[in-house]
Structures are given as C-alpha cells and as structure tokens.
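Only one structure is covered here, and it is reproduced in the block below.
The values are calculated or read from the model by the stated rules, or taken from the named source; none is laboratory data. Bear in mind the structure is a predicted one, so any value in this text is a computation, not a measurement. Note: ideal-geometry Cβ built from the backbone for every residue, glycine included; neighbour counts use all protein chains shown. For the accessible areas, the whole protein counts, side chains as well, though only heavy atoms, and no ligand, DNA or RNA atoms are used. Shrake-Rupley method; radii C 1.70, N 1.55, O 1.52, S 1.80 Å.
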Amino acid sequence: QVQLVESGGGLVQAGDSLTLSCAPSARTFGRYAMAWFRQAPGKEREFVARITWSGGRTYYADSAKGRFTISKDNAENMLYLQMNSLKPEDTAVYYCAASPRLSTVVTDYDYWGQGTQVTVSS
C-alpha cells in the first residue's frame with residue numbers, strides 16, 4: 001500500500017518561513033497530481049497548492065499565492081511546500097495527497113499522509 005509521509009512542521013513566529021516535505025513510499029505517481037491541503041481546528045480541510053508529478057504544472061489557492069511554493073524532486077521522489085511570510089491564520093495540520101485527477105477537491109484525492117502540524121504565533 002502506498003503511503004505518504006509528511007515532515008517539517010513546527011512552531012514558528014509570524015513572518016517566518018517553513019518548508020514541509022512529503023515522501024511517497026513508492027514511485028507510482030508519474031501520472032498523478034500531488035497536492036498540499038490544510039485543516040485548521042473546527043474548519044474544513046482546504047486546498048493549498050497542487051503540482052503535476054510529470055510536468056510540474058502548479059496551481060495555488062488564493063491564500064497561498066505569492067507566499068507558498070510547491071515543488072518536487074523526481075530523482076529523490078519528494079514533494080515540498082515552501083511557506084514564507086507565515087501568518088497566524090496559516091496555523092493548521094498540513095497534509096500531502098495524491099490524485100489521478102487535476103483537482104482541488106478533497107474527495108478527489110485517493111492517498112493521504114498523516115499530516116504535520118504548523119503553528120504560527122503572532
């Protein structure tokens with residue numbers, strides 16, 4: 001069974017940067033879109049950013065545009081989310097996910113990691 005393992009979360013101050021990593025357990029995502037979602041306490045899980053594994057096309061939620069960068073390293077089989085200028089409202093559990101569809105919808109994603117907590121203090 002394919003697993004996605006996130007790492008890199010932590011406690012930072014507003015304005016700081018943080019990079020999240022996601023390691024798929026198998027090289028099976030050649031035709032998949034990989035994405036980052038987040039879920040704050042009491043809120044729905046929401047889309048943050050997406051990248052196609054093969055072509056590297058990216059797409060961002062408005063809340064992430066200009067501050068977050070999604071990237072991948074095919075050779076190392078890793079997915080990243082570079083987050084700059086973090087705000088307290090970015091506090092959430094961040095999940096990486098994989099889907100055979102180019103989508104921003106949670107239910108279109110078949111594989112999920114366990115999540116990593118990001119807390120941004122003011």
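Summary of values
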| read-out | value |
| --- | --- |
| Answer from 11, 79 - the residue that is part of a strand (DSSP E or B) and open to solvent by 60 Å² or more (accessible area, probe 1.4 Å) | 11 |
| Top-ranked residue of the stretch 84-104 - restricted to ones that are among the aliphatic types (A, V, I, L, M) and open to solvent by less than 70 Å² (accessible area, probe 1.4 Å), ranked as modelled with the lowest pLDDT | 98 |
| Hits in the stretch 97-111 (condition: among the hydrophobic types (A, V, I, L, M, F, W, C) and farther than 17 Å from residue 40 by Cβ) | 98, 102, 105 |
| Of the criteria (1) in contact with a Lys or Arg (Cβ under 9 Å, 6 or more places away or on another chain); (2) more than 19 Å from residue 100 (Cα to Cα); (3) open to solvent by 60 Å² or more (accessible area, probe 1.4 Å); (4) not β-branched (Val, Ile, Thr), which one residue 59 fails | (2) |
| Verdict on residue 2 being touching a strand residue (DSSP E or B) at 6+ places or on another chain (Cβ under 8 Å), crowded, with 16+ Cβ neighbours inside 10 Å and of a type in the set (Val, Ile, Thr) | no |
| Candidates 75, 97 - the one that is touching a Phe, Trp or Tyr at 6+ places or on another chain (Cβ under 7 Å) and under 24 Å from residue 25 (Cβ atoms) | 97 |
| Verdict on residue 35 being surrounded by 14 or more Cβ atoms within 10 Å (Cβ to Cβ) and either in a loop (DSSP other than H, G, I, E, B) or among the small types (Gly, Ala, Ser) (or both) | yes |
| Residues (touching a Phe, Trp or Tyr at 6+ places or on another chain (Cβ under 7 Å) and either assigned to a strand (DSSP E or B) or without any contact (Cβ under 8 Å) to a residue 40 or more places away in the chain (or both)) located in the stretch 54-72 | 60, 68, 70, 71, 72 |
